[in-house]
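Data block below; observations after.
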Amino acid sequence: MAQREYNFDGVVGPTHNHAGMAPGNLASQAHEGEVSSPRQAALQGLAKMRFLASLGVEQAVLPPQPRPSLRTLRALGFTGTDEAVVTRAATDAELLLRACSSAAAMWTANACTTAPSEDTADRRVHLTPANLTAMFHRSIEADTTHAVLARIFSDVRHFAVHAPLPGGAHFADEGAANHSRLQVEGRPAVHVFGWGRSSYRPGPGPQRFPARQTREASETLARLHQLPASACLFPQQSPAGIDAGAFHSDVLVVGNDGVLLVHELAFLDTPGLVQQLREKLGPGFRPVVASEAELPVAEAVAAYPFNSQLVTLPSGRMAIVAPKESEESPAARAFLERVVAQDNPVQAVHYLDVRESMHNGGGPACLRQRIRLTDAERDAVHARVFYDEALDVDLSSWIRRHYRDRLVPEDLRDPALARESMAALDELTRMLRLGSVYDFQKA
Ligand code: SUG
């Protein structure tokens, strides 16, 4: 049965802020301590969804998570009422409070990795929430992500929602940010699982910044998702690319159907990967490789042209949805224009303003999780997560009613913010017909 790709965007949460939480993510480090606007961030995200939907791309949403995470703060020893927990954490361990207040679940490319039913042995859609163990402020997302995905994709005839991978750092998993699925008509799909380090077989690695994803995690995802070995490739991310700020492979590569846009420093052996893909996908495969001379990696990391969404339109052609920063960088822009000019299905590039997210290192591609569904699978989802004009109106009014326009990391000390966040999320779960998925709703 025919499948369509749905882009599940993360609704930006009410505590969106710039706390400088992610070493190796240059934008996160550069914007530490700056004023953020949760409201603008959420509205920019919604505008992106509206734009994608206007192109004819199927769009859906994943909700934010309760922040600060009172459950995590309690597990770390802060006691008393919700207000007391926040106040004590603010006094004794402000950095922990900041970590527990991050709205990072907005980058749903890191929420999970999925495999569509047409590729899996049991013909179900497989989803594995990422454990995100590489960064503490992100590791606290996994349980709630699991609960939300299990709620949305609850029909076990169609969906297998796995638990986050066990094993802590050994199976460190960052979700679909390190995964691309490519397909050319008449050939089986190919899954490319990037990874930064191996737990069992250590080899060359980055010197400055952490490699987040392990090879063991990537191999486990392929096994859990029942993908044939012949459909999977496991290239190592380039250590030099990670050291230049490409903490996930989607900072330097994006693929869709038969098209792959890739920087030469995305992988340790990018030409070798391109060759393997050529053999598997045949002459319909259209790679476009940016060399260091054409687009220096520092510029690619600053302007994020590879963190674009590369989407198939109803016409069968493709469009690139890139961040404004790529339009402002002559080299990034020239690369994207070269892609459009070349012999491939890409017909246009559109530049969008997602600056609030970009200042934490999250471009258009980070903000979405791609899930391919048949019509029957879509019909098996009963939550109101699919984007339409009515949902747009409701979300926009909800954001305007609940979100602050200005937040600095010091504001995270305010216990009222936790209350505001809970009130907003409680209302959102009713709007999205998700039932009670958050701790504070179950307590
Ligand atoms: O994990 N930033 C996120 C950005 C994730 C981008 N996702 C993809 N590339 N798919 C991260 O580094 C910064 C939060 C802060 O500094 O407050 C942060 O977590």
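Matching residues to (1) without any contact (Cβ under 8 Å) to a residue 12 or more places away in the chain; (2) within 14 Å of residue 191 (Cβ to Cβ); (3) within 17 Å of the chain's Cα centre (by Cα); (4) more than 16 Å from the ligand (Cβ to nearest atom):
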site: 208; (1), (2), (3), (4): no, no, no, no
site: 222; (1), (2), (3), (4): no, yes, no, yes
site: 225; (1), (2), (3), (4): no, yes, no, yes
site: 244; (1), (2), (3), (4): no, no, no, no
site: 249; (1), (2), (3), (4): no, yes, yes, no
site: 267; (1), (2), (3), (4): no, no, no, no
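Residues satisfying the criterion are present in the stretch 175-195 (criterion: part of a loop (DSSP other than H, G, I, E, B), within 15 Å of the ligand (Cβ to nearest atom) and buried (at least 22 other Cβ atoms within 10 Å of the Cβ)).
The single condition among (1) in contact with a Leu (Cβ under 7 Å, 6 or more places away or on another chain); (2) away from the ligand (no atom under 16 Å from the Cβ); (3) in a strand (DSSP E or B) that residue 240 does not satisfy is (3).
For (1) in contact with a Phe, Trp or Tyr (Cβ under 7 Å, 6 or more places away or on another chain); (2) over 26 Å from residue 190 (Cα atoms); (3) hydrophobic (A, V, I, L, M, F, W, C), each residue gets a yes or a no:
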residue	(1), (2), (3)
72	no, yes, no
77	no, yes, no
86	no, yes, yes
95	no, yes, yes
108	yes, no, no
152	no, yes, yes
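Checking each residue in the stretch 251-265 for being more than 11 Å from the ligand (Cβ to nearest atom), under 18 Å from residue 332 (Cβ atoms) and in a loop (DSSP other than H, G, I, E, B) picks out 264, 265.
Flag: residue 303 does not match the condition of being surrounded by 15 or more Cβ atoms within 10 Å (Cβ to Cβ) and touching a Leu at 6+ places or on another chain (Cβ under 7 Å).
The sole residue among 176, 172, 231 that is more than 24 Å from residue 29 (Cα to Cα), in contact (Cβ under 8 Å) with a residue 12 or more places away in the chain and in contact with a helix residue (DSSP H, G or I) (Cβ under 9 Å, 6 or more places away or on another chain) is 231. So which residues in the stretch 56-109 are in contact (Cβ under 8 Å) with a residue 60 or more places away in the chain, under 12 Å from residue 415 (Cα atoms), among the β-branched types (Val, Ile, Thr) and touching a Leu at 6+ places or on another chain (Cβ under 9 Å)? Once the filter is applied, which keeps residues that are in contact (Cβ under 8 Å) with a residue 60 or more places away in the chain, under 12 Å from residue 415 (Cα atoms), among the β-branched types (Val, Ile, Thr) and touching a Leu at 6+ places or on another chain (Cβ under 9 Å), the stretch 56-109 yields only 86. Taken together, the residues in the stretch 1-55 that are in a helix (DSSP H, G or I), within 13 Å of the ligand (Cβ to nearest atom), touching a residue at least 60 places away in the same chain (Cβ under 8 Å) and polar (S, T, N, Q) amount to 1. Looking only at residues of the stretch 197-227 that are of a type in the set (S, T, N, Q) and part of a loop (DSSP other than H, G, I, E, B), we find that the one that is nearest to residue 239 (Cα to Cα) is 207. Applying the condition of being in a loop (DSSP other than H, G, I, E, B) and of a type outside the set (Phe, Trp, Tyr) to the stretch 228-237 and asking which residue is farthest from the ligand (Cβ to nearest atom) yields 228. Can you name the residue in the stretch 56-66 that is over 16 Å from the mean Cα position of the chain (by Cα) and assigned to a loop (DSSP other than H, G, I, E, B) and is also farthest from residue 140 (Cα to Cα) among such residues? My answer is 56.
Taking residue 430, is it within 23 Å of the chain's Cα centre (by Cα), of a type in the set (D, E, K, R) and modelled with pLDDT of 95 or more? The answer is no for residue 430.
I'm trying to understand the selection: among the residues of the stretch 278-323, which are in contact with an Asp or Glu (Cβ under 9 Å, 6 or more places away or on another chain) and in a strand (DSSP E or B)? Correct list: 286, 289, 290, 310, 311, 312, 318, 323.
The values are calculated or read from the model by the stated rules, or taken from the named source; none is laboratory data. Model, not experiment: these values are computed from the prediction. Every residue, glycine as well, gets a Cβ built from its backbone with ideal geometry; the counts of neighbours run over all protein chains shown.
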